[in-house]
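Everything below concerns the one structure shown next.
The values are calculated or read from the model by the stated rules, or taken from the named source; none is laboratory data. Here the structure is a predicted model, which means the values were calculated and not measured. With ideal geometry, Cβ positions are generated from the backbone for all residues, glycine too; neighbour counts draw on all protein chains shown.
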Amino acid sequence: MALCHAKIGAEDHQAAPDIGDDGMTASPRRPTAAKRAGFIFSGTVQALKRSTVPNLPPSRRTAVVRVDEVIRGSGALSHLAGRDITVQLGTREQIKPGQAATFYTEGWLFGEGVAVRSLGHSDVARGSAVAAASGADPVRAKGAKDLDEHVADTDLVVRGRVARVASATPRRVRAGLTGYTPKATPFVSEHAALWREADIDVDEVIKGMHRIKRVTVRFPGSTDVRWAKVPKLRPGQEGVFLLHADTGSGYTLIHAQDVQPPESGHVALRARLSRRRQRKSR
Amino acid sequence: MRRPARRAPARRSRRARRAAAAGVLVVNMIPKSLSGEEHQDSEPTIAVNPANPQQIAASAFTPDPAEGPRAPIYVSIDGGNTWTLNSIVPSTVADGSATADITVAFGTASNTLYAGIIRYPFPADRTRLNILRTKDFQSAALMTVLVDRIGHGVDQPYVQAATVASGSAKGKDRIYVGDNDFNAAGGRTATIDQSLDAAKTNPTFSSVRIESRTTSGQDGPSVRPAIHPDGTVYATFHAWRTFSNATGAGTADIVVVRDDAGGVGPAPFTSLVDPGDGKAGMRVVKAAKFNFNGFLGLQRTGGDVSIAVDPRNSDVVYMAYNDDQGALYVLHVLRSLDRGQTWSPELRHINNALNPALAINSAGKVGLLYQQLTGSGAAQQWVTRFETTVNGTAWTPLTLAQTAASIPPKQFDPYLGDYDHLMAVGRNFYGIFSANNMPNKANFPNGVVYQRNANFNTHTLLNVDNVTPVRVSVDPFFFKVTG
């Protein structure tokens, strides 16, 4: 039986085993394993000191676990239900054959088989709270987790409509907030963002302390590997825009998740929670 | 030191054994467990461990399949027959669990793997250089960060490494990372970041500015080192002399620099002086035309270079470069027999070919890898060829892949990569390239082995269930040619 304690997260209502990398202890400063884990599944321990990955020899820290249900994971991991995978346990983490548990893990090796690194585990009953909170689709649950973390990193979240798109110009932009001075990069690189700028008419400020009607943002026009997945804004486009404070005093849109559908209630909720936490911390 | 060669190699498939027996092995590197992947896995590099050629690491623009905070490298411990992704490179989930550039190299005797990456996140246009190290490329441990630099930005790190074989520095790993460092003063941005003892716990690095002349404001991104066991180190780079921001067009000198003592001393990489102006660095080609906004098919262009030194004699060095000649993007190969002082007329002239990669094996045989756009319209193909020569004049070609040029659609730039890679260990050549992964034997005239599920009769990729079709994408392909 796992010698770890679980608690219900107060904010996200997910079971959050308070365990560290060694599977036993947690630092109070670090996020819980359930929050950190990109791949969460319920499984049954098949064998200790075994491996399903030809390149990975069995050791005292490897165990073969049958995936009973994928709770949260990327598309590449979501198909693993019913399959045996290898789990590398924390240094002091203990499990036994036949044990059913919820495993909080990160991806590691992908070859003929799959191996993951355990961040900890909890009993299935407590882990089922994670499943209930995450919904049935493990990929969507992974996306929601990533989006939660991303929203927390944003400085301004608004719902609105793109009014104008143009090449970024070296003029001081007069926005509802403060302006910024986009500079053409002095160097030529295949990774250059090729900045463009857009005015967004704001219907609602979801996160951020400002009362604004329009905000000007920069976004990369480049198709380079660095920037290709970042949404390219177009006039008339509606959405929820997750914005990041620039090194000046403007805002940028720089991640694939930075534009969400206008009806994205999830983003709005997470942003409000994030703003509430910010206020409390002041 | 703990040696990482402790894991049993996977059993080679019958197809792999048959292909290898014929002297040519081509392997699609996407593992079976990722049969559903459709990513554009472009811009590959490879590193064979000279101390144990069964161990091979490789890199590409492949994201972490788990979409976690690490990017993967490809790992083989059976000489390239099978591959596993091992996510040990620092990255971020929000930026796609990958890197913006990555190259890899082993020390020749240390079993230590080094990587040069553009790491996420980086602020706006200021790319972030990381130089990384691991003493066990199969372990789960995150690679150790040796250098983490942003400043004005650092572009396209290209790492090479060697373990000193004799003398007072015997046993030390020397690594040379060619990069375009925008922190350099006066626009002389071509740089070698070097460490003369990279395997020690806290190695020191120095940034050697190898551009000695006035530039257009900067050099191009391609800076490629090549190391000889006697301590000689060459590097070639695309030295920009003019550049138009409006059109992307410019001219560049193709410069070769050399250091006869491995970069030791007060003025590294100044051993080769151009008699034309008395400055360090031989201008092998002057005013080569390029266009940084140019394309050949779906692949962007802008100035490729490669260099290789003969392991039997450090006087002998080959280099390749590209230039624009009218509508053609032309690949040229030259040779020097006197340590870069004088150069031959071009030994190869290949129209509409890019991504040259050179290597010379222990017998002095020269290998040249490149990708050429052939045909037109719907029949247009990317042809990946490997050629060898023993005298520089007669070249023996080998077609590794010939695939439809506009399939699949481009996901991002670069489509195939701004480079591929070739190296030699002993008499054998090892290389890597990216190509359309349609499972069609006609696309691979010298055979191919897929790990991922595929039906070669219907030319269909299949998901992990071996039933559901998967769209064609760009995959990395490993190859080995027995010398």
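Observations on the structure shown:
- Complete set of residues in the stretch B:398-424 that are assigned to a strand (DSSP E or B) and within 23 Å of B:THR45 (Cβ to Cβ): B:LEU398, B:THR399, B:LEU400, B:ALA401, B:GLN402, B:THR403, B:ASP413, B:HIS421, B:LEU422, B:MET423, B:ALA424
- Any hit, the stretch A:165-172, residues being modelled with pLDDT of 95 or more and not assigned by TED's automatic domain parsing to the domain that holds A:GLY75: yes
- Neighbours by Cβ (under 8 Å, 6+ apart or cross-chain): first from the stretch B:459-483, within 18 Å of B:ALA359 (Cα to Cα) and surrounded by fewer than 16 Cβ atoms within 10 Å (Cβ to Cβ); second of a type in the set (Gly, Ala, Ser) and at pLDDT below 95: B:THR482/B:ALA20; B:THR482/B:GLY23
- Complete set of residues in the stretch B:121-137 that are buried (at least 22 other Cβ atoms within 10 Å of the Cβ) and outside any strand (DSSP E or B): B:ASP125, B:THR127, B:PHE137
- Of residues in the stretch B:84-94 being part of a loop (DSSP other than H, G, I, E, B) and more than 7 Å from every other protein chain (Cβ to nearest Cβ), the one farthest from A:ASN55 (Cα to Cα): B:THR92
- Residues located in the stretch B:283-332, provided they are part of a strand (DSSP E or B), among the β-branched types (Val, Ile, Thr) and more than 26 Å from B:THR270 (Cβ to Cβ): B:VAL330
- In this structure, B:ILE210 qualifies as touching a residue at least 60 places away in the same chain (Cβ under 8 Å), β-branched (Val, Ile, Thr) and closer than 22 Å to B:ASP323 by Cα.
- Apart from one condition, B:ARG427 fits all of (1) within 14 Å of chain A (Cβ to nearest Cβ); (2) surrounded by fewer than 17 Cβ atoms within 10 Å (Cβ to Cβ); (3) charged (D, E, K, R); the exception is (1).
- Residues of the stretch A:104-120 classified as touching a helix residue (DSSP H, G or I) at 6+ places or on another chain (Cβ under 8 Å), part of a strand (DSSP E or B) and not aliphatic (A, V, I, L, M), total: 4
- Subset of the stretch B:59-73 that is in a strand (DSSP E or B) and within 10 Å of chain A (Cβ to nearest Cβ) - its residue that is farthest from the chain's Cα centre (by Cα): B:ARG70
- Within the stretch B:23-58, tally of residues that are at positive phi and either part of a strand (DSSP E or B) or within 11 Å of chain A (Cβ to nearest Cβ) (or both): 1
- Only listed residue being more than 14 Å from chain A (Cβ to nearest Cβ) and either closer than 25 Å to B:ARG471 by Cβ or among the aliphatic types (A, V, I, L, M) (or both), chosen from B:THR384, B:THR389: B:THR384
- All positions within the stretch A:38-63 that are facing chain B (nearest Cβ under 9 Å) and of a type in the set (Gly, Ala, Ser): A:GLY38
- Looking only at residues of the stretch A:178-207 that are away from chain B (no Cβ under 14 Å) and surrounded by fewer than 19 Cβ atoms within 10 Å (Cβ to Cβ), we find that the one that is modelled with the highest pLDDT is A:ASP201.
- Residue count, the stretch A:123-143 (criterion: modelled with pLDDT under 70 and of a type in the set (Asp, Glu)): 0
- Among the residues of the stretch B:156-165, the one identified as in a loop (DSSP other than H, G, I, E, B) and not β-branched (Val, Ile, Thr) is B:ALA165.
- Of all the listed residues (B:GLY426, B:GLY447), the sole one being small (Gly, Ala, Ser) and within 22 Å of the chain's Cα centre (by Cα) is B:GLY426.
- In the set A:GLY120, A:GLY111, A:GLY73, only one residue is surrounded by 24 or more Cβ atoms within 10 Å (Cβ to Cβ) and away from chain B (no Cβ under 12 Å); that residue is A:GLY120.
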